Amino acid sequence: MKKIEKICCIGAGYVGGPTMAIIAEKCPNIKVTVVDLNENRINNWNDEDLSKIPIYEPGLGEVVGKARGKNLFFSTDVDTAIDEAEMIFISVNTPTKTYGLGKGMAADLKHIELCARQIARVAKSDKIVVEKSTLPVRTAEAIKSILENTGNGSNFQILSNPEFLAEGTAVADLLNPDRVLIGGDQTPEGLNAINSLVQIYANWVPIEKILTTNLWSSELSKLTANAFLAQRVSSINSISELCERTGADIQEVAKSIGTDSRIGSKFLKSSVGFGGSCFQKDILNLVYIARSYSLNEVADYWEQVIIMNDHQKSRFARNIIKTLYNTVSDKKIAFLGWAFKKDTNDSRESPAIYVADELINEGANIYVYDPKVSKNQMLSDLNYLETRTNKDNEKKLNSSSDVYEICNNAHSIAILTEWEEFIDLDWQKIYDNMLKPAFIFDGRNLLNRIKLEKIGFKFYSIGIS
Ligand code: NAD
Ligand code: UGA
């Protein structure tokens, strides 16, 4: 078995950065170099001021601070890092395709292919290549084919080592994972490569939590895990609408079913819908793969999870419009939160974007406060939908770092992210400065309804009539 002394990770994003920081901290004898084409991102990772690293995750700054410059490096010199490393993690983005065959469904693997070609071109010695990105089942076959047909005669072993961290809790998840999954070829060389990676994780993960499988099981398990998690959110959200019609309370229902140990209590929080860069992308990809094998019933089954999620976002927006006397034209609607969940600065696929889009279509003016997402990011999220021009979005979307200013003279407030700081705001002051009747639409079931109704707010929470 090869003892690994140098690791390279291609992609310094939400996965590459935190994962490699933890490996570096836990394996002081391994030199870890994280590389990216995005110079700005690398400069931010190297910023002396640890509050300026590009990804906000509780505890991440301290981990980076401990290892950076010792055995953890961030660089744009991809070739040198590939050349030096015995093990290369590919952790680049794999978004939904926006063009050509499979548009809107399949994963776009162009960055993966570019990495494989670059490794093949640069490598002068044998390498273990690890798929860290989430990939369609059988992608390792394509990577292997590129490496073997375009390389300089070096030997490559491909492993699949999908990442299960959730944003907002990345450091805790990496330090104490439910499991680490490693898939590889079931040949002597493949098993040796698997073992090299097992030894790295074994520095801090109990060996019984490190699962090894064949390549295809590992690749497919990642898509399946995300599909099951998202399915739970859509399932509880579907029941939330029924609760609103029948007088049942979704929080009581969730607690009642979650105490059944066969069901379990996690991922039963009803919300305005799930967001994030992965759930939707990975399910769409699963649906696409199933259809490509003509498994239409399988594809339809999983597609429903997305349909339900779109419905939940849209009905939240439509409920605001209906409650505000069927018109939001030129009304000020305050959004508390833009990130797709608390404790992250990531807003990819955040429900807030879709709710804002629907309300702006009806003429509303949206004023957003989020502790971690910048106005530029919010605008770029809206522009990405291509519903309107940047200029029009600029007129309709405002932001401020003063939450009270955001709420002044608003017709209503919508809670889009469950940032805990919202719980303890001076709600009396907010009420006094709003137009009456003052409405709150709590898309995260975060606030204390009884307390706020006592102040005078008209309150709507998901799944409670
Ligand atoms: P990201 O967009 O934050 O980071 C990807 C980085 O790769 C970018 O900085 C980009 O510039 C860089 N990159 C792309 N092509 C490159 C190339 N050829 N050479 C060098 N750098 C290149 O993405 P992410 O959120 O870190 O996700 C990465 C992968 O991990 C995806 O497949 C995703 O599905 C998966 N994943 C993400 C999470 C998550 O919480 N975000 C969790 C588990 C798995
Ligand atoms: C998710 C998975 O939890 C990770 O295991 C996986 O590695 C990751 O996707 C990935 O592949 O990218 P993440 O998207 O970061 O992690 O965050 P989650 O905590 O799963 O939340 C996703 C969305 O679902 C958020 O918008 C969240 O608010 C929503 N959600 C979650 C609910 O509405 N209700 C719940 O009960 C749980």
Residue list for the stretch 276-314, filter: over 21 Å from the mean Cα position of the chain (by Cα) and at positive phi:
SER294
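Taking the stretch 50-90 as the region of interest, how many residues are in a loop (DSSP other than H, G, I, E, B), buried (at least 18 other Cβ atoms within 10 Å of the Cβ) and under 25 Å from the mean Cα position of the chain (by Cα)?
Our first condition is that a residue be in a loop (DSSP other than H, G, I, E, B); within the stretch 50-90, this holds for 53-59, 69-71, 76-77, 85-86.
Narrowing further to those that are buried (at least 18 other Cβ atoms within 10 Å of the Cβ): 53-57, 71, 85.
Now drop any that are not under 25 Å from the mean Cα position of the chain (by Cα), which leaves 53-57.
Result for the stretch 50-90: 5.
Within the stretch 1-49, which residues are without any contact (Cβ under 8 Å) to a residue 40 or more places away in the chain and either within 13 Å of ligand 1 (Cβ to nearest atom) or not in a loop (DSSP other than H, G, I, E, B) (or both)? Show your work before the answer.
Residues of the stretch 1-49 without any contact (Cβ under 8 Å) to a residue 40 or more places away in the chain: 38-49.
ASN38, GLU39, ASN40, ARG41, ILE42, ASN43, ASN44, TRP45, listed by residue number.
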Just to be sure I understand, how many residues within the stretch 97-128 are out of contact with any Pro (no Cβ under 8 Å at 6 or more places or on another chain), crowded, with 17+ Cβ neighbours inside 10 Å and of a type in the set (A, V, I, L, M, F, W, C)?
9
Just checking, does the stretch 325-344 include any residue being within 16 Å of ligand 2 (Cβ to nearest atom), more than 13 Å from ILE415 (Cβ to Cβ), of a type in the set (Lys, Arg) and under 20 Å from the mean Cα position of the chain (by Cα)?
no
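Out of the residues in the stretch 305-358 that are in a loop (DSSP other than H, G, I, E, B) and among the aliphatic types (A, V, I, L, M), which is farthest from ILE406 (Cα to Cα)?
At the first step, the residues of the stretch 305-358 found to be in a loop (DSSP other than H, G, I, E, B) are 324-331, 337-350.
Now restrict to residues that are among the aliphatic types (A, V, I, L, M): 324, 328, 339.
Numbers: LEU324: 18, VAL328: 17, ALA339: 16 Å.
Ranking the candidates gives LEU324 first.
Can you pull out every residue in the stretch 106-154 that is polar (S, T, N, Q), under 24 Å from SER292 (Cα atoms) and within 12 Å of ligand 1 (Cβ to nearest atom)?
Within the stretch 106-154, the subset polar (S, T, N, Q) is 118, 125, 133-134, 139, 145, 149-150, 152, 154.
Right, trim to under 24 Å from SER292 (Cα atoms) and you get 133-134, 139, 145.
Matches in the stretch 106-154: SER133, THR134, THR139.
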Odd one out for LEU268, checked against (1) without any contact (Cβ under 8 Å) to a residue 40 or more places away in the chain; (2) within 16 Å of ligand 1 (Cβ to nearest atom)
(2)
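Select from the stretch 269-300 the residues that are in a loop (DSSP other than H, G, I, E, B) and among the small types (Gly, Ala, Ser) and write down the one among them that is surrounded by the most Cβ atoms within 10 Å (Cβ to Cβ). Write out each step before concluding.
The first filter runs over the stretch 269-300 and keeps only residues in a loop (DSSP other than H, G, I, E, B), leaving 269-278, 293-295.
So of that shortlist, the ones also among the small types (Gly, Ala, Ser) come out as 270-271, 273, 275-277, 294.
Details: SER270: 26, SER271: 27, GLY273: 29, GLY275: 25, GLY276: 24, SER277: 22, SER294: 8.
Residue satisfying both the conditions and the ranking: GLY273.
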Considering only the stretch 308-316, I want to know if a residue exists there that is within 16 Å of ligand 1 (Cβ to nearest atom), in contact with a helix residue (DSSP H, G or I) (Cβ under 9 Å, 6 or more places away or on another chain), touching a residue at least 60 places away in the same chain (Cβ under 8 Å) and not hydroxyl-bearing (Ser, Thr, Tyr).
no
Residue among ASN155, ASN93 that is among the polar types (S, T, N, Q) and either surrounded by 15 or more Cβ atoms within 10 Å (Cβ to Cβ) or in contact with a Gly (Cβ under 9 Å, 6 or more places away or on another chain) (or both):
ASN93
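Residues to consider are ALA172, ALA142, ALA193; find the one that is outside any strand (DSSP E or B), within 15 Å of ligand 2 (Cβ to nearest atom) and of a type in the set (A, V, I, L, M, F, W, C). Before you say what the answer is, go through the steps one by one.
Working: ALA142 fails: within 15 Å of ligand 2 (Cβ to nearest atom); ALA193 fails: within 15 Å of ligand 2 (Cβ to nearest atom).
Unique residue meeting the criteria: ALA172.
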Of all residues being surrounded by fewer than 15 Cβ atoms within 10 Å (Cβ to Cβ) and not basic (Lys, Arg) in the stretch 176-190, which is nearest to PRO58 (Cα to Cα)? Just the residue, please.
ASN176
Residue list for the stretch 202-220, restricted to those being surrounded by fewer than 19 Cβ atoms within 10 Å (Cβ to Cβ), polar (S, T, N, Q) and part of a helix (DSSP H, G or I)
SER217
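Return the total of residues in the stretch 408-457 being within 19 Å of GLY247 (Cα to Cα) and either out of contact with any helix residue (DSSP H, G or I) (no Cβ under 8 Å at 6 or more places or on another chain) or polar (S, T, N, Q) (or both).
Start the filter on the stretch 408-457 by keeping residues that are within 19 Å of GLY247 (Cα to Cα), which leaves 441-445, 448-450, 453.
Now restrict to residues that are either out of contact with any helix residue (DSSP H, G or I) (no Cβ under 8 Å at 6 or more places or on another chain) or polar (S, T, N, Q) (or both): 444-445, 448-450, 453.
Residues flagged as within 19 Å of GLY247 (Cα to Cα) and either out of contact with any helix residue (DSSP H, G or I) (no Cβ under 8 Å at 6 or more places or on another chain) or polar (S, T, N, Q) (or both) within the stretch 408-457 amount to 6.
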Counted residues in the stretch 345-379 being surrounded by fewer than 23 Cβ atoms within 10 Å (Cβ to Cβ), within 16 Å of ligand 1 (Cβ to nearest atom) and among the hydrophobic types (A, V, I, L, M, F, W, C) come to 0
On the given criteria, is SER238 under 23 Å from ASP300 (Cβ atoms) and in contact (Cβ under 8 Å) with a residue 60 or more places away in the chain?
yes
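Looking at the stretch 13-64 only, could you name the residues that are small (Gly, Ala, Ser) and within 16 Å of ligand 2 (Cβ to nearest atom)?
Let us first name the residues in the stretch 13-64 that are small (Gly, Ala, Ser), namely 13, 16-17, 21, 24, 51, 59, 61.
Within the stretch 13-64, GLY13, GLY16, GLY17, GLY59 qualify.
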THR96 is checked against (1) within 21 Å of ARG41 (Cβ to Cβ); (2) within 14 Å of ligand 1 (Cβ to nearest atom) and fails just one. What number does that condition carry?
(1)
Here are the criteria: (1) away from ligand 1 (no atom under 16 Å from the Cβ); (2) without any contact (Cβ under 8 Å) to a residue 60 or more places away in the chain; (3) outside any helix (DSSP H, G or I); (4) not polar (S, T, N, Q). Tell me which single one GLY183 does not satisfy.
(1)
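Every number in this text was worked out from the coordinates using simple rules, so none of it is lab data. This structure is a prediction, so every number in the text was calculated from the model and none was measured. Ideal geometry is used to build each Cβ from the backbone, glycine not excepted, and the neighbour counts take in all protein chains shown.
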